[in-house]
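Comments concern the structure below.
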Amino acid sequence: MYSRKKPLEEIPEEVTAIWSCTNDGCNGWMRDNFAFETEPACPLCSSSMVSSTKSLPSLVNHNNRH
């Protein structure tokens, strides 16, 4: 009859290398280890992208090119 929510498990985060879109009107970004090109173009607007970092949940890419 009573429902009790389980406490949410905290997901560990780490500083991750990403590519961010240079177009001010676009919020596109991708993790570096999921990019198919050395210097990718934005998949949303085709603008150039710049390398930066972001604190994100940890993920493992088993098809990593590095």
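Laid out as a table, the results:
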| item | result |
| --- | --- |
| FRET efficiency for ASN23 and SER55, using Cβ-Cβ distance with R0 set to 30 Å, rounded to 0.05 | 0.85 |
| Reported label for calculated semi-axes √(5λ) of the Cα gyration tensor in Å given (i) 16, 12, 12; (ii) 24, 12, 10; (iii) 31, 16, 11 | (iii) |
| Within the chain, chymotrypsin sites (Phe, Trp or Tyr not before Pro) in DSSP loop having at most 11 other beta-carbon neighbours inside 10 Å | TYR2, PHE36 |
| GluC sites (Glu not before Pro) lying in DSSP loop within the chain, provided at most 10 other Cβ fall within 10 Å | GLU9, GLU10, GLU37 |
| Per residue value of the accessible surface for the chain (all protein chains in place, 1.4 Å probe), Å² | 88 |
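The values are calculated or read from the model by the stated rules, or taken from the named source; none is laboratory data. Quick caveat, the model's predicted, so the values are computed rather than measured. Here Cβ is always computed from backbone atoms with ideal geometry, including for glycine, and neighbour counts include all displayed protein chains. Remember, those area values only see protein heavy atoms, side chains included, never the ligands or the DNA or RNA. Shrake-Rupley method; radii C 1.70, N 1.55, O 1.52, S 1.80 Å.
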